[in-house]
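Reading through the structure tokens given below for one structure.
Bear in mind these aren't lab numbers, they're just calculated from the coordinates by the rules spelled out. What you see is a predicted model; the values in this text were computed from it and never measured. Every residue, glycine as well, gets a Cβ built from its backbone with ideal geometry; the counts of neighbours run over all protein chains shown.
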């Protein structure tokens, strides 16, 4: 018999065994003992996660402009870059300096556009590659989240990487997440993967505030005609309600490379107005959630 098949025999036998699907009380206690304790961040009122299972849909751009829009509404805002392997917040927010450390060994997030920012991109060389396994990634997320002096903040916005992996689990295990904003393009492939991300947060009992539909259309500069890029995907009917639908705008790439969010450089555009709507919608959702929590506690 082929040596590779012989090596696989123990695994094949193990896969045929029957295991109990219900955990005993002892097993449940042992598993819970190994999980990190979920604690509220000191000085942070609410945490909003910007997420999508699919990459390349504009999560970081949405997170940066969303955070700046909250700040323009008078809120105290922080922006955490949860993408350990591909951090982009330093570029988008023009914050490249390494954070200082206070007497309690807590990092002090640098600030720009009235938003406190922290990213692994500030702690590693720009031309270096981070090659880490899961445990190191989760430790890095915990360090950025709990090893910084974030407060006082009304809202901490967290930009997450694609997928449904270690970063998302680590965030939900370490701190109470107020809600999630999903981001997706209307492309069928992106919608299907975003749905998987939505199901993950549902299983983790994290509220989903809605969907930001990105790059659906464009407006002609000459005649103001709206050009639609995508047909309605059947899968999109299963997505959460759309909060805003963002156009594909020529200024986005320009602003991203300059490190000036669109809502800062072009405050009187439709793009900026839409992000103000997103910020107001989110603040309303946070207020309603707190109201229901207070009623349940009575």
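Label positions at residue 108 and residue 226, each projected 7 Å from the Cα along the C-beta direction, are separated by 4.8 nm.
Taking other C-beta atoms within 10 angstrom as a stand-in for reagent exposure, 42, 177, 131 fall in the order 131, 42, 177, fewest first. Of all DSSP beta bridges confined to region 175-296, the antiparallel ones make up roughly 25%. Counting only DSSP beta bridges with both residues in region 58-189, the antiparallel share comes to about 25 percent. Cβ-to-Cβ counts within 10 Å put 201, 292, 66 in ascending order as 292, 201, 66, the fewest first.
Of all beta bridges that DSSP places with both ends in region 41-297, some 20 percent have antiparallel geometry. By its C-alpha gyration tensor, with a ≥ b ≥ c as the square roots of the eigenvalues, how is region 34-92 shaped: rounded for a/c under 1.5, else prolate for a/b larger than b/c, else oblate? Judged from the Cα gyration tensor, region 34-92 comes out oblate (a/c at least 1.5, b/c at or above a/b).
The gain in end-to-end length when the residue 146 to residue 124 segment is fully stretched comes to 6.1 nm, 0.36 nm per residue minus the alpha carbon separation. Per-residue Cβ neighbour counts within 10 Å put 156, 283 in the sequence 283, 156, beginning with the fewest. Normalised by the residues of region 41-297, what does the relative contact order come to in percent, with Cα pairs under 8 Å and at least six apart? In percent, rounded to a whole number, it is 26.
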